[in-house]
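Each reported figure results from applying straightforward, stated rules to the coordinates on display, with no laboratory input. Worth saying up front: this structure is predicted, and the values here are computed from it rather than measured. With ideal geometry, Cβ positions are generated from the backbone for all residues, glycine too; neighbour counts draw on all protein chains shown.
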Amino acid sequence: MADAPNIHIAIIGGGPGGYAAAFLASDLGLKVTLIDPELNPGGVCLYRGCIPSKALLHIAKLIDETRHAKNWGIEYSDPKIDLAQLRFWKEGVVKKLTGGLGVLSKQRKVEYIQGRAAFENSNTLRVSRANGAEDSLTFDRIVIATGSRPAIVPSLKLETPRMMDSTSALDLNEVPGTLLVVGGGYIGLELGTVYAALGSKVSVVEMLPGLLPGADRDLVLPLHKRIEKIFDSILLNTTVAAVKEESGGIRVTFDGPEVKEREKLFDKVLVSVGRKPNSEIPGLEKSQVKVGERGFIHVNKQLQTDDPAIYAIGDVVGEPMLAHKASHEGRTAVEAIAGHKVAFEPNAIPAVVFTDPEIAWCGLTETQAQKDNREIKVAKFPWGASGRAMTIDRTEGMTKLVIDPQTERVLGVGIVGVGAGELIAEGVLAIEMGALAKDIALTIHPHPTLSETVMESAEVFFGTSTDVYRPKRP
Ligand SMILES: Cc1cc2nc3c(=O)[nH]c(=O)nc-3n(C[C@H](O)[C@H](O)[C@H](O)COP(=O)(O)OP(=O)(O)OC[C@H]3O[C@@H](n4cnc5c(N)ncnc54)[C@H](O)[C@@H]3O)c2cc1C
């Protein structure tokens, strides 16, 4: 690789976009300054997003499994939950990971500044350090990686610890007797799953007709059926018209055609109605950076903003707001700054909902194909026909391929079932490699594994799946 030019870059924000960008920049020989308010890099993902939520979901899964063990002839008594120890363990995971990133920063000689950055002009930042010092620092290029924060609905704003957002929900200060989750997206469902496992009676309210808007309905159905049993209620086509604090909790008024009980009292309410990009960076107006209507910073395929000296990556530039998208954008931006010929144009970005069962998809969805009026063929393999699914007593899953009928190329993959989040990586690789359905069918998968369901869904496409009998039409 050619020597990197002598460039000093600043990265504002130490999330998975920012630290991935900083580390690659250092690996490519650039001089790097990374600025973030926390003691170590990590951002939302490590401190109050992906990692703590997955640590808690692991516990939820364990509790759920012990409850199911009765069906297999093993009976556990009800779990005793030590919340302080649970929090300690979750915080330990976060500390280890973020501390590790701090060490990696030092090893790579990334200058890490604990503080906040504001723009003085396109190349100069005013940095307010955590220790109170202020500096004016100039760079050749600046990468904005300031991420996002929970969206706030004015009508749901109440200053009380009974109202939570995802950050305070992850703090796990207590397990409320009753919890209302406002918003049927992935964050609400994941956190609702945690609280339900710990003993809360959880209700979820969603204004649209289905949970997880955007995901294919056949993937959502098995999850809906399972959480219907775990949650107290799932209210669809319903909005929260008002919230009011009373001595015994939050009185919530519901609105919608299917509402049976117009008012209900909850111990706590978790609002998870989406996230807003952090594009209101002080002084940004002194640059040529353009911010679009929904607050996302406008960038090209090299992640360069309308200001040639400034790049932007991650949640602050648009959907999907996911950590792995942020990291890949961060790496592309740095390569572009280093003078490489690159563009961020993936064929598939996986999305995973870490509920139980998990839902994962990548590439073209059936829903999107219908919207685009695009001709596709869909091959589905039901997990009821999977030996491995049977051995873990989880046959409600399904794996499907979205295939181009002319070329037989795999355009999309969708999976619902235990471990879908791990299995989807094969789909991403298949799409990125331009795999045909035949390639997947001919790839020998290990037995007995859930990964076989990917291979067998390709066999279903050809009508030759070993475990699914499809009589030939006369
Ligand atoms: C509960 C929850 C669960 C999630 N689970 C997943 C998951 O399982 N998988 C997944 O892919 N994604 C998940 N996400 C989303 C994921 O966290 C984000 O997509 C990801 O963190 C975005 O990375 P980023 O680098 O763009 O920014 P962020 O991680 O948001 O980091 C931005 C950083 O910039 C800092 N910052 C902001 N302004 C300034 C400033 N002026 N100066 C200095 N620093 C500044 C912020 O303090 C923050 O530390 C989850 C999110 C939440 C809330």
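Whole-Hz ³J(HN,Hα) for each residue in region 273-283, computed from phi via Karplus 6.51 cos²θ - 1.76 cosθ + 1.60 with θ = phi - 60°, x for glycine and proline: what do you get?
Karplus-based 3J(HN,Hα) across region 273-283 equals 10, x, 10, 10, x, 8, 9, 8, 7, x, x Hz.
Could you name the lysines whose alpha carbon sits less than 21 Å from that of K96, not counting residues in the same chain fewer than 8 places away?
Once the sequence-local lysines are set aside, what remains near K96 is K54, K106, K109.
So what is the 222 nm mean residue ellipticity for the chain from helices alone, if each DSSP H run of at least 4 adds -39500 (n - 2.57) and you divide by all residues, rounding to the nearest 500 deg cm²/dmol?
-10000 deg cm²/dmol
So how do 247-257, 231-241 stack up, highest first, on mean other-Cβ count within 10 Å?
231-241, 247-257
Ranking request for peptides 164-175, 408-419: highest mean number of other beta-carbon atoms within 10 Å first, then the rest in descending order.
For the peptides 164-175, 408-419, the packing ranking is 408-419, 164-175.
Using a ≥ b ≥ c from the Cα gyration tensor of the chain (square roots of the eigenvalues), is it rounded, prolate or oblate, where a/c under 1.5 gives rounded and otherwise the larger of a/b and b/c decides, a/b for prolate?
On the way: a/c = 1.77, a/b = 1.21, b/c = 1.47.
Because a/c hits 1.5 or more and a/b fails to exceed b/c, the chain counts as oblate.
Run the dipole for region 149-259 about the Cα centre, Lys and Arg Cβ at +1, Asp and Glu Cβ at -1, nothing else charged, and hand back the magnitude in debye, nearest 20. Don't skip to the answer; put the middle values down first.
Working: 10 positive and 14 negative charges, 17 e Å.
My answer is approximately 80 debye.
Compute the distance from the alpha-carbon center of region 178-254 to that of region 8-50, in whole Å.
Using only Cα atoms to place each centre, the spacing works out to 34 Å.
Compute the relative contact order of region 47-175 as a whole-number percentage, counting only Cα pairs closer than 8 Å that sit 6 or more residues apart in sequence.
Details: 79 pairs, mean separation 29.7, N = 129.
In percent, rounded to a whole number, it is 23.
Rounded to whole Å and sorted largest first, what semi-axes of the equivalent ellipsoid does the C-alpha gyration tensor of region 327-474 yield via the square root of 5 times each eigenvalue?
After diagonalising the Cα gyration tensor, the semi-axes are 29, 19, 14 Å.
Quick one: compute the contact order of the chain, relative version, from alpha carbon pairs under 8 angstrom and 6+ residues apart, as a percent.
Reported relative contact order: 14 percent.
Mind checking the full-extension length gain between E228 and A69? Use 0.36 nm per residue of separation minus the Cα-Cα distance, one decimal, nm.
Stretched out fully, the E228 to A69 stretch lengthens by 55.3 nm.
Could you give the size of the charge dipole of region 48-87 about its Cα centre, using +1 on the Cβ of each K and R and -1 on the Cβ of each D and E, expressed in debye and rounded to the nearest 20? Walk me through the numbers before you get to the answer.
Details: 7 positive and 5 negative charges, 48 e Å.
Charge dipole of region 48-87: 240 debye, to the nearest 20.
Express in nm, to one decimal, how much length is gained between K301 and N237 on full extension, taking 0.36 nm for each residue of separation and deducting their alpha carbon distance. Could the numbers behind the result be given before it?
Details: separation 64, 0.36 × 64 = 23.04 nm, distance 3.75 nm.
Extra length available between K301 and N237 comes to 19.3 nm.
Give me the extension gain from E261 to E375: residue separation times 0.36 nm, minus the current Cα-Cα distance, reported in nm with one decimal.
Difference between extended and current length: 36.7 nm.
Using the Cα centre of region 339-462 as the reference point, and only Cβ charges (+1 on K/R, -1 on D/E), how large is the resulting charge dipole? Debye, rounded to the nearest 20. Working shown, then result.
On the way: 10 positive and 17 negative charges, 41 e Å.
For region 339-462, the charge dipole is close to 200 debye.
What pairs from K157/K268; K201/K229; K61/K380; K301/K377; K90/K225; K61/K201 go past 21 Å between their alpha carbons?
Correct reply: K61/K380; K301/K377; K90/K225.
Got a sec? How would E245, E366 order by Cβ neighbour count within 10 Å, fewest to most?
E245, E366
Nearest 0.05, what FRET efficiency do D467 and R217 give at R0 = 25 Å with Cβ-Cβ as r?
Calculated transfer efficiency: 0.55.
Mind jotting down the distance between the C-alpha centroids of region 59-99 and region 393-466, whole Å?
32
Starting from the Cα of K31, draw a straight line to each of the aspartates and glutamates and keep only those under 17 Å, dropping any in the same chain fewer than 8 residues away.
D3, E111, D140, E335
Taking θ as phi - 60°, what are the ³J(HN,Hα) couplings along region 202-214 by the Karplus curve (6.51, -1.76, 1.60), each to the nearest whole Hz, with x for Gly and Pro?
After applying 6.51 cos²θ - 1.76 cosθ + 1.60, I find 9, 10, 10, 10, 9, 6, 8, x, x, 6, 6, x, x Hz.
Return, ordered by residue number, the residues of region 265-293 whose backbone nitrogen is under 17 Å from a label point located 7 Å along Cα→Cβ of R251.
265-269
So who's got an amide H within less than 5 Å of the one on G412, skipping anything under 5 residues away but keeping other chains? H placed 1.01 Å off N, in plane.
L364, V402
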